[in-house]
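Below is one structure, written out as C-alpha cells; the observations come after it.
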Amino acid sequence: MKIFSTKRELLFFLTHPAIWFRKSRSIEQLNSSPFVEFQQWFDHAHRRLWGEFPNWCCLSTVDGEGSPDARIVLLKSFDDDGFVFYTNLESEKGNQLAEQPRGAMTFFWEKLQRQVRIRGMIASVSDEESDAYFATRPRPSQIGAWASLQSTELETREELEQRYREFSQKFRGKKVPRPPYWGGFRLSPSQFEFWELRRSRLHDRFRYDSGSSSGEWKITQRYP
Ligand SMILES: Cc1cc2nc3c(=O)[nH]c(=O)nc-3n(C[C@H](O)[C@H](O)[C@H](O)COP(=O)(O)O)c2cc1C
C-alpha cells in the first residue's frame, strides 16, 4: 500500500504554517542549559497549540530482561532537578522502573514539527510531593486512582465501575487520601535532543550531554 503522495506532502505544508518561515539555528544560538531551552520550547508549544496539551509525552522504560516498553503519560512539572509524572506504582511501568530505574521521555508537537527526547535515571518523588500533587487532582480522578489496579487484568468493565462506586462510598464526605500504590516519578536527565523539521529532510538536531567534570552540558549538532 502506498502511504505518502505528493498531494499529501503539499497538504501537510499548507496545514503547518509554523514551519514556513523558520530558519535553521546554530549551536551558538542555543541556551547553554537544556532546561532553559526546553522551557522555551515548551512555552512556545503552550502558546501555539490551542486546545492541545503540550505536556503529553511518550515514556519509554525497559523491563528486567531489557525488553523496551512505551506509553503516553502527562508531564506534571519540570525544573533543573528533573521531569515529573504520576502513575500507579504497581502498573507495568511501575514494576519496570522498580527493576530498571531508567527511561526516556519523548515529546512530539505535531503542528510545530518539533521533537524533544530526554533520557536519564528515574526515581520516585517523595511521599510529601506525591501527596501535595494528589490533593490538587479533581475528586473523580482521586477516586479513580483508588478504583484502578492499573495494568492488571480486568474481567469486566462493571468490576471497575463497582470499585469506583465502593470507593466513592468509602470516602463520602471525607478528604480522599493518596492510595499507597499511586505516586510520582522524576526523570533526572543525562541527555536531551532537540529536533526541528526543515525542508528536504535537512532537519535541525542538537544534543546536550551531561557528564563533564565542570557540570556544564556539552552541546553537539547531529546529522538528521
Ligand atoms: C493522553 C494520555 C495521557 C496519559 N497520561 C497518563 C499519566 O499521566 N499517567 C499514567 O499512569 N497513565 C497515563 N496514560 C495511560 C498510559 O498511556 C498507560 O495506558 C497506562 O499508564 C498503563 O501503562 P503501563 O501498563 O505501561 O504501566 C495516558 C494515556 C494517554 C493516551
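Name the pairs: first residue in region 80-102 and without any contact (Cβ under 8 Å) to a residue 60 or more places away in the chain and within 22 Å of Val116 (Cα to Cα), second residue of a type in the set (D, E, K, R) and in a helix (DSSP H, G or I), Cβ to Cβ under 9 Å, at least 6 apart or on different chains?
Taking only residues 6 or more apart or on different chains, not a single pair turns up.
Report whether or not Arg48 is modelled with pLDDT under 95 and of a type in the set (D, E, K, R).
Yes.
In region 69-110, which residues are near the ligand (Cβ under 6 Å from one of its atoms), in contact with a Lys or Arg (Cβ under 7 Å, 6 or more places away or on another chain) and among the hydrophobic types (A, V, I, L, M, F, W, C)?
Residue satisfying the conditions is Phe85 alone.
When residues of region 141-172 are filtered for being assigned to a helix (DSSP H, G or I) and surrounded by 11 or more Cβ atoms within 10 Å (Cβ to Cβ), how many remain?
Of the residues in that region, 18 qualify.
Which of the residues spanning region 173-224 are surrounded by 10 or more Cβ atoms within 10 Å (Cβ to Cβ), part of a loop (DSSP other than H, G, I, E, B) and among the polar types (S, T, N, Q)?
If the condition is that a residue be surrounded by 10 or more Cβ atoms within 10 Å (Cβ to Cβ), part of a loop (DSSP other than H, G, I, E, B) and among the polar types (S, T, N, Q), then Ser210 is the only one that fits.
Could you say which residue among Glu28, Glu37 is acidic (Asp, Glu) and over 24 Å from Ser188 (Cβ atoms)?
Being acidic (Asp, Glu) and over 24 Å from Ser188 (Cβ atoms) holds for just one of Glu28, Glu37, which is Glu28.
Say whether the condition of being touching a helix residue (DSSP H, G or I) at 6+ places or on another chain (Cβ under 6 Å), closer than 30 Å to Leu14 by Cβ, touching a residue at least 60 places away in the same chain (Cβ under 8 Å) and in a loop (DSSP other than H, G, I, E, B) is met by at least one residue in region 105-125.
So far as region 105-125 goes, yes, one or more of its residues are touching a helix residue (DSSP H, G or I) at 6+ places or on another chain (Cβ under 6 Å), closer than 30 Å to Leu14 by Cβ, touching a residue at least 60 places away in the same chain (Cβ under 8 Å) and in a loop (DSSP other than H, G, I, E, B).
Tell me the helices (runs of 4 or more DSSP H) entirely within region 1-103 that contain at least 3 residues that are surrounded by 14 or more Cβ atoms within 10 Å (Cβ to Cβ) and in contact with a strand residue (DSSP E or B) (Cβ under 7 Å, 6 or more places away or on another chain).
34-48, 92-99
The values are calculated or read from the model by the stated rules, or taken from the named source; none is laboratory data. From a predicted model like this one, the values you see are computed outputs, not experimental measurements. Glycine gets a Cβ as well: all are built from the backbone with ideal geometry, and neighbour counts include every protein chain shown.
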